[in-house]
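What follows is a short report on a single structure.
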Amino acid sequence: MDLNTITAVAHPQTRAQLPVWTAGDAWLAGGTWLFSEPQVHLRRLIDLTDLKWPALTITESHLSIAATCTIAELDGLACPSDWLAAPLIGQCCRAFLASFKIWKTATVGGNVCMSLPAGPMISLTSALDGVCTIWKVRGGEQKIPVVDFVTGNQRNRLTPGDLIRQIDIPIAALRRRTAFRQISLAPVGRSAALLIGSLDADGTLTLTVTASTVRPIQLTLRKAPDAGALLEAITQRITDDLYHTDIHGKPLWRKHMTLRLAEQIRGELSAGAPS
């Protein structure tokens, strides 16, 4: 869609060249949502592509994903053999149910910043203990775990002019055993529930619930729980008002699917778990 209210496009190449943020500005990375509907309140776009951030960087301790990394770039990452959680990357990328055009344009940071309950990059990075590095509008940086960054349906902890620079995932999280479950109301539709479980070497089970809830919710159970303990933990932590509702699923159905998928994950990960 043409954005016919835009009067300027800035192309900074360094952080020092970022223009002073004013009302009517918007960051431009992939732009798949930005150009999908009228944005009559906008006057200037600040294009991030000339910053040329490396899409993916692997260090001894972290996988760093630039906010401008596209879904196609992330999906194409050649992962080390000891990253047992590597299949989650492809599974979450495919939860977009998007065309190759979107894959080559949409960005990881854009999906997280949109903060939709069904955002699959939120699911992936939350489940793998991802931490956002935020460039603050007045200078400096702030680090926030992704699971705390998203606060509700299309709500997050950014203030106007803030910018996600990258998301860092600990290598230790990528070495955990994981299980993935996702369901949609329609055969080809937006995720109504997307759950990811992971198992530490000591038997600690971490369950990350997304899509069915308005924000990511993570539960940690120190000892491998039985079905009853898991059910109790979920019902205590996720109250009925936290379940999302829209045309892709009503809260009671999303709750039912959350409990069902969580039990499937528990069963899968408990097989062979340390006693």
Hits in region 130-165 (condition: in a strand (DSSP E or B), of a type outside the set (Asp, Glu) and over 24 Å from LEU219 (Cβ atoms)): THR133, ILE134, TRP135, GLN142, LEU163, ILE164, ARG165
Top-ranked residue in region 42-96 [being part of a loop (DSSP other than H, G, I, E, B) and closer than 27 Å to THR22 by Cβ; ranked as most open to solvent (accessible area, probe 1.4 Å)]: LYS52
Condition check for ALA16: at pLDDT 95 or above and loosely packed, with under 14 Cβ neighbours inside 10 Å: yes
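Give the residue that is nearest to ALA186 (Cα to Cα), with candidates limited to residues of region 234-256 that are in a helix (DSSP H, G or I) and open to solvent by less than 10 Å² (accessible area, probe 1.4 Å).
That would be ARG254.
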Count of region 222-233 residues which are within 14 Å of GLY197 (Cβ to Cβ) and in contact with a Ser or Thr (Cβ under 7 Å, 6 or more places away or on another chain): 1
The one condition in (1) at positive phi; (2) touching a helix residue (DSSP H, G or I) at 6+ places or on another chain (Cβ under 7 Å) that GLY24 fails to fulfil: (2)
Which listed residue is touching a residue at least 24 places away in the same chain (Cβ under 8 Å), out of contact with any helix residue (DSSP H, G or I) (no Cβ under 8 Å at 6 or more places or on another chain), more than 30 Å from ASP25 (Cα to Cα) and polar (S, T, N, Q), from SER191, SER184: SER184
Residues of region 97-112 classified as of a type in the set (D, E, K, R) and either in contact with a helix residue (DSSP H, G or I) (Cβ under 9 Å, 6 or more places away or on another chain) or not in a helix (DSSP H, G or I) (or both), total: 1
Given (1) open to solvent by 50 Å² or more (accessible area, probe 1.4 Å); (2) modelled with pLDDT of 95 or more; (3) over 13 Å from SER126 (Cα atoms); (4) outside any helix (DSSP H, G or I), number of the condition ARG215 does not satisfy: (3)
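The values are calculated or read from the model by the stated rules, or taken from the named source; none is laboratory data. Just so it is clear, the model here is predicted, and its values are computed rather than measured. Note: ideal-geometry Cβ built from the backbone for every residue, glycine included; neighbour counts use all protein chains shown. Remember, those area values only see protein heavy atoms, side chains included, never the ligands or the DNA or RNA. Shrake-Rupley method; radii C 1.70, N 1.55, O 1.52, S 1.80 Å.
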